[in-house]
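The values are calculated or read from the model by the stated rules, or taken from the named source; none is laboratory data. Predicted model only: the values in this text are computed from it and were never measured. Neighbour counts run over all protein chains shown; Cβ positions are idealised from the backbone, glycine included. The accessibility values were calculated without ligands, DNA or RNA, using every heavy atom of the protein model including side chains. Shrake-Rupley method; radii C 1.70, N 1.55, O 1.52, S 1.80 Å.
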Amino acid sequence: MTPLLLQHSYSVVAAASPYLFYFTVYSFLGWVLEGSYSLYSTGTFRKEGFLKGPFKPMYGCAPLLLLLAAHEIRLPLPLFLLLALIVPSAVEFVSGWLLKGIFRRQWWDYSGMPLQLQGHICLKFSLYWWGLSVACIFGLHPLVHFLYLHMERVWMPILPVVLLLFTADLLWTFRTRRRGLQLLEPPELGEG
């Protein structure tokens, strides 16, 4: 029974392997993009994100959802182009809403921009994400896929380490940010 379970687990990981590779690469490239934008706009490369490590998960999620639409579902081009506008904006909105709800902090704020929604998204940046999404899927992704095909034998053995590091960063960041939040909360009445 155990060998069958291990074989099934390995086949699930093997099937998810390219998507985990894409998520990792695009999350890292998102960190580079955000750092570059910060360097351009503020003079410093380091822009604080939710995670401590060099990953921006929003930049990993949106391309994966678009890849599923483009390659797995095979949507017609006009519908895909519409999704390339909607999906990154939805990922950004949900991420911002969740982060603000959980940590009571907003990592980005578009509230001073026209056509924005709760400061989490705005038309200007949604159009930027649309252009980046189209360029990513049709221009960058073939190169990332080519890289995966040539690194697959190396990627599979290091995948558990990457997952462990990403999970550790997520848990550590969540714990430290929640602890910081608790220090800011006023004491309950009657404590003293």
Under a point spin-label approximation (7 Å from Cα along Cα-to-Cβ), what is the Ala16-Leu127 distance to one decimal in nm?
3.8 nm
If the chain between Ser36 and Ile73 were fully stretched, how many nm would it gain, using 0.36 nm times the residue separation less the Cα-Cα distance?
10.0 nm
Over the range 22-121, give the accessible area per residue in Å² for a 1.4 Å probe, as an integer.
55 Å²
Quick one: if you stick a label point 7 Å off each Cα along the C-beta vector at Thr167 and Leu98, how many nm between them?
1.7 nm
How much net charge surrounds Ile121 when only other residues with a Cβ under 12 Å from its Cβ are counted (Lys, Arg +1; Asp, Glu -1)?
-1
Which of His145, His71, His120 moves most in a GNM of the chain, Cα contacts under 10 Å?
His71
Can you tell me which of 14-26, 107-119 comes out highest on packing, and rank the rest after it, using the mean Cβ neighbours within 10 Å?
14-26, 107-119
Could you tell me what percent of the accessible area of the chain is made up of carbon and sulfur, with a 1.4 Å probe and every protein chain present?
72 percent
Give me the base-10 log of I(q)/I(0) for the chain at each q in 0.08, 0.15, 0.19 Å⁻¹, Debye formula, one uniform scatterer per Cα, rounded to two decimals.
-0.34, -1.05, -1.45
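Mind checking which helices in the chain clear 20 Å along their axis (Cα) and have mean Kyte-Doolittle hydropathy of -0.5 or more, DSSP H runs only?
Those that clear 20 Å and a mean of -0.5 are 2-42, 77-103, 141-184.
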Just from the alpha-carbon atoms, what are the Rg and Dmax of the range 66-138 in angstroms?
13.6, 40
Before anything else, pin down the relative contact order of the chain: Cα pairs under 8 Å, at least 6 apart, normalised by residue count, whole percent.
20 percent
How would you order 168-175, 87-94 from highest to lowest mean count of nearby Cβ atoms within 10 Å?
87-94, 168-175
Total lysine pairs under 18 Å (Cα atoms) in the range 8-124, excluding pairs fewer than 8 apart on one chain
4
